[in-house]
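The values are calculated or read from the model by the stated rules, or taken from the named source; none is laboratory data. Just so we're clear, the structure is a prediction, and the values are computed from it rather than from any experiment. Here the Cβ is made from the backbone with ideal geometry for all residues, glycine too, and neighbour counts use every protein chain on show. Calculation scope for accessible area: heavy atoms of the full protein, side chains included, ligands and nucleic acids excluded. Shrake-Rupley method; radii C 1.70, N 1.55, O 1.52, S 1.80 Å.
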Protein chains: 2
Amino acid sequence: MGRLVVVGGGAAGMSAASVAKRRDPELEVVVLEQGKHVSFSACGMPYWAGGIVEGGQDRLVVLSPEDARERGLDVRLQTEALDVDPEARTLELEGPEGRASLGYDRLVLAPGVEPRTPWPGCDLEGIHALRHLDDGIRLVEDLGRHAVEHACVIGGGFVGLEMAEAFVHRGIETSLVHSGATLMSGVIEPTLGEMINRRVRDAGVELILEQRADGLEGETRVTGVEIGGDRVTADLVIMAIGARPRTELAEAAGCSLTTSGAIQVDGRMRTTVDGILAAGDCVAFPHKLTGEPTFLPLALHANRAGRIAGETVAGNDARFPGVLGTAITRFEDLEIAATGLTLPAAEEAGFDAVAEAITSQTRAGYFPGSSDIHVRMVVERGTGRVLGCQIVGGTGAGQRIDTAASAIWMGATADDVEAMDLSYAPPFSPTWDPVAIAARIAGRRA
Amino acid sequence: MGRLVVVGGGAAGMSAASVAKRRDPELEVVVLEQGKHVSFSACGMPYWAGGIVEGGQDRLVVLSPEDARERGLDVRLQTEALDVDPEARTLELEGPEGRASLGYDRLVLAPGVEPRTPWPGCDLEGIHALRHLDDGIRLVEDLGRHAVEHACVIGGGFVGLEMAEAFVHRGIETSLVHSGATLMSGVIEPTLGEMINRRVRDAGVELILEQRADGLEGETRVTGVEIGGDRVTADLVIMAIGARPRTELAEAAGCSLTTSGAIQVDGRMRTTVDGILAAGDCVAFPHKLTGEPTFLPLALHANRAGRIAGETVAGNDARFPGVLGTAITRFEDLEIAATGLTLPAAEEAGFDAVAEAITSQTRAGYFPGSSDIHVRMVVERGTGRVLGCQIVGGTGAGQRIDTAASAIWMGATADDVEAMDLSYAPPFSPTWDPVAIAARIAGRRA
């Protein structure tokens, strides 16, 4: 009974709303969504923008507002929550019909993320960030309207790499600016990162490494990006320099943030303010290895956190189990995946750790389609516990990260992983699984 | 120092020989091999026979006899060990130069397996089993010499299914005879097995289920197979009804066998007779879940056992860690994998278990190339411990078995697997990993 208001109609917000309504059909559930869509696949946007996923924008929609309403959710689009009074339990909001006030019994904050500090010039035409489906639609419309000659992607992490693939797929000349010496440097260490650099260059992308973009040029439409003293011509720019949690409303309510800048929640997604929960990319998740609250805007955790918030609202006791930071992507046929801690991250977290990389094959060497796979494993010295794993390789390489993720989740040592009975057949693997080989080699040094 | 004699030049024998020699370069190492080749990929033979792996027989050779000799191994081909005197530590053998006697300080038995009871007619032309590379070469020569019109594969397990794929790839009409109602019934339960049946039938293979072949017809070359009261025309027959451990020499030496019929060894691959070790497909491996000695002729275990035997000979303390029975194969683009126990096997082993199957997708539903994946998970009632997992699905489905194998190896419960931070990106997975979904559904019932 009562009214649940959910701020944000993304994966977390809609999961929370759906679960709460399913568990307690009498509950009034209002979802406030700034954009025109709810519940879409944010991770699919680069593939849709690149034409790799064909069809209209509805391809990425998980649940339409109409379907959500049929489930009994009061979805209000283009409606922004401006302020909150946690004592009175009321929200100030602005929607198509103007300003209004809305009372709540329980509030779930799931506003997601926003792009990091935009610079002057970000309002030029041709500048895009990919946060919401509406951003993706705007990008695709721009690509349709404007014959883009040279795209510049700023940021060489997941979204940056995926957008570079998208532009290559569309036949657009592409530059990729990255602050690190190797791409994906947040999760992939240089030995393996070099292979990503090489593959991306081979695809014709101009890599601008160890540089930061510091300005945009243009009158109405962007014409270039300033990088150090230099400039890159670009009539379309993707800002993929990462995101930060949206916390204005939480801060207005007096909710505590963690040192990561994200909203502090307990395992049941309750903030420090009574009646207010938070879920999704805006909250900090406990890291399974370090125990630290971690800002990790990934779809699985947003979905899981939303479900748990919904259960909590319904009075059920579900607990968020923690994160390892497992992630996967690809650049064309090069697969890239990581879980747990890199060596620098492990050391920063106070672990005495070693790491080794091995090269093996994705299939039996003689089997058609076999290609190189590189696995780097991070192991705690003394205990031999596996702390992290990174994989770069051809088709079939990336999925193996889950062998490591499963092992790390269960507290496995390198010896455990080496001993595991992992699958083998010539079309799928060499006799000794590459992850097990990496465990053997890294384990010896630990 | 002294002389190590290894009987059998397959994966286990050559691993044992190589490791022992590497650790103790002074050791004289003699390998007796009945065939003309050592150290080849037995698992690759169906793909080579089918022309999926192109090229000559050397494609499957891991180490040639010449290379082995360069490593200091005294490899004697076409040489059979006939008898052993464990007191005198001598072997009777017959080779190209006739009979001889050979003393040993340590003996490693690694003769592998032989096809199960052959029937009358097995010496007709056109009858093949695939145990040794020489068998594969004979098959490929037969396929080259004789324009095969109709092949009959007897046995619908791993080798049977792989050979059916091979014949389909060669454009040969194929019948497949299997004693169970669904293919792969030893490791895949009927709900998922039905999908294999369907896929194999769709490829044009005539499936003859719940039948046993009981005779072969023909004068010099096979012309048909008798099945129940019926017959199937066939001018080439593959006997893929499983294998049994070769134990004659072990028995002659007085080594104990286990109830599985395979040679009893300890964790260091020592038989019950002093000075005699055994390794590879001929020994029984301890099952990680049941603790029972298990006959499981799979390449990884043969390799691992061989290495361990080599370490033991060299005086090092390596231990065989146990098996789960993890295995993977494919039929064209349908991937099939299993680990741990099926529900019937779990019940037979005394577990109170439940199982559930789920259907999900190999990629995000909207992503090109996404296809169905079916996951069945077996969970112990009460404890919630995962006991087994089976997967059937399109490209990318099979590799996920290692997520489950890793989890089971570490003693994970269904709740653990559901909670794991597994990788997600649209080209690789739906947001919720199919193995995690299966854990959630099966876990609820446990």
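Odds and ends about this structure:
- Test: residue B:194 is within 28 Å of residue B:360 (Cα to Cα), in contact with a Ser or Thr (Cβ under 7 Å, 6 or more places away or on another chain) and touching a residue at least 40 places away in the same chain (Cβ under 8 Å): no
- Summed over region A:401-426, residues that are within 26 Å of residue B:158 (Cβ to Cβ), within 7 Å of chain B (Cβ to nearest Cβ) and not small (Gly, Ala, Ser) total 7.
- Criterion applied to B:153, B:200, B:187, B:205 was being modelled with pLDDT of 95 or more and within 13 Å of residue B:49 (Cβ to Cβ), and the one residue passing it is B:153.
- Among residues of region A:104-123, those that are in contact with a Leu (Cβ under 8 Å, 6 or more places away or on another chain) and at pLDDT 95 or above, counted: 7
- All helices (runs of 4 or more DSSP H) inside region A:125-241 with 3 or more residues being over 21 Å from residue A:345 (Cβ atoms) and either open to solvent by less than 40 Å² (accessible area, probe 1.4 Å) or touching a Phe, Trp or Tyr at 6+ places or on another chain (Cβ under 6 Å) (or both): A:133-145, A:158-169
- Subset of region B:390-427 [closer than 23 Å to residue B:368 by Cα and over 28 Å from the mean Cα position of the chain (by Cα)]: B:422, B:423, B:424, B:425, B:426, B:427
- Of the criteria (1) open to solvent by 10 Å² or more (accessible area, probe 1.4 Å); (2) of a type in the set (A, V, I, L, M); (3) touching a helix residue (DSSP H, G or I) at 6+ places or on another chain (Cβ under 6 Å); (4) within 25 Å of residue B:27 (Cα to Cα), which one residue B:265 fails: (3)
Residue by residue, here is whether (1) within 22 Å of residue A:269 (Cα to Cα); (2) open to solvent by 10 Å² or more (accessible area, probe 1.4 Å); (3) among the hydroxyl-bearing types (Ser, Thr, Tyr); (4) in contact with a strand residue (DSSP E or B) (Cβ under 6 Å, 6 or more places away or on another chain) holds:
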{"site": "A:3", "(1), (2), (3), (4)": "yes, yes, no, yes"}
{"site": "A:6", "(1), (2), (3), (4)": "yes, no, no, yes"}
{"site": "A:68", "(1), (2), (3), (4)": "no, no, no, yes"}
{"site": "A:75", "(1), (2), (3), (4)": "yes, no, no, yes"}
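- Test: residue in region A:333-350 that is over 27 Å from residue B:389 (Cβ atoms), within 12 Å of chain B (Cβ to nearest Cβ) and either of a type in the set (D, E, K, R) or assigned to a strand (DSSP E or B) (or both): yes
- Among the residues of region A:91-108, those that are closer than 15 Å to residue A:6 by Cβ and part of a strand (DSSP E or B) comprise A:91, A:93, A:95, A:102, A:103, A:106, A:107, A:108.
- Residue match in region A:375-382 (condition: assigned to a loop (DSSP other than H, G, I, E, B), more than 10 Å from chain B (Cβ to nearest Cβ), under 29 Å from residue B:46 (Cα atoms) and at pLDDT 95 or above): no
- Every test in (1) open to solvent by less than 40 Å² (accessible area, probe 1.4 Å); (2) among the hydrophobic types (A, V, I, L, M, F, W, C); (3) not in a loop (DSSP other than H, G, I, E, B) is passed by residue B:255 save one, and that test is (3).
- Positions within region B:319-335 being in contact with a Pro (Cβ under 6 Å, 6 or more places away or on another chain) and either without any contact (Cβ under 8 Å) to a residue 40 or more places away in the chain or open to solvent by less than 10 Å² (accessible area, probe 1.4 Å) (or both), in sequence order: B:322
- For residue A:73, the criteria (1) over 16 Å from residue A:248 (Cβ atoms); (2) at pLDDT below 95 hold in every case but one, which is (2).
- Which numbered condition residue B:421 fails, given (1) under 20 Å from residue A:397 (Cα atoms); (2) open to solvent by 20 Å² or more (accessible area, probe 1.4 Å); (3) acidic (Asp, Glu): (2)
- Taking region B:77-113 as the range and being in contact with a Lys or Arg (Cβ under 9 Å, 6 or more places away or on another chain) and crowded, with 18+ Cβ neighbours inside 10 Å as the test, the residues that pass are B:89, B:93, B:102, B:104, B:106, B:107, B:109, B:111, B:112, B:113.
- Taken as a whole, region B:357-364 holds at least one residue that is among the aliphatic types (A, V, I, L, M), facing chain A (nearest Cβ under 9 Å) and open to solvent by less than 30 Å² (accessible area, probe 1.4 Å).
- Take the conditions (1) in contact (Cβ under 8 Å) with a residue 60 or more places away in the chain; (2) crowded, with 24+ Cβ neighbours inside 10 Å; (3) facing chain A (nearest Cβ under 9 Å); (4) not aromatic (Phe, Trp, Tyr); residue B:392 misses just one of them, which is (3).
- Residues that are outside any strand (DSSP E or B) and under 17 Å from residue A:44 (Cβ atoms), drawn from region B:352-366: B:362, B:363, B:364, B:365, B:366
- Condition broken by residue A:63, with the remaining ones in (1) at negative phi; (2) more than 14 Å from chain B (Cβ to nearest Cβ) satisfied: (2)
- For region B:20-44, a residue qualifies if it is open to solvent by 10 Å² or more (accessible area, probe 1.4 Å) and part of a helix (DSSP H, G or I), and the qualifying residues are B:21, B:22, B:23, B:42, B:43.
- Residue match in region A:297-309 (condition: under 16 Å from the mean Cα position of the chain (by Cα), within 29 Å of residue A:7 (Cα to Cα), modelled with pLDDT of 95 or more and among the charged types (D, E, K, R)): yes
- Single residue of region B:292-332 satisfying the filter (in contact with a Leu (Cβ under 7 Å, 6 or more places away or on another chain) and closer than 18 Å to residue B:31 by Cβ) that is farthest from the other protein chains (Cβ to nearest Cβ): B:313
- Note on region B:68-82: residues that are among the aliphatic types (A, V, I, L, M), out of contact with any His (no Cβ under 9 Å at 6 or more places or on another chain) and touching a residue at least 40 places away in the same chain (Cβ under 8 Å) amount to 4.
- Applying the criterion of being out of contact with any Gly (no Cβ under 8 Å at 6 or more places or on another chain) and hydroxyl-bearing (Ser, Thr, Tyr) to the residues of region B:260-289, the residue that is farthest from the other protein chains (Cβ to nearest Cβ) is B:271.
- Top-ranked residue of region A:124-150 - restricted to ones that are among the small types (Gly, Ala, Ser) and within 21 Å of the chain's Cα centre (by Cα), ranked as modelled with the lowest pLDDT: A:129
- Per-region count, region A:293-332, residues part of a strand (DSSP E or B) and touching a Lys or Arg at 6+ places or on another chain (Cβ under 9 Å): 2
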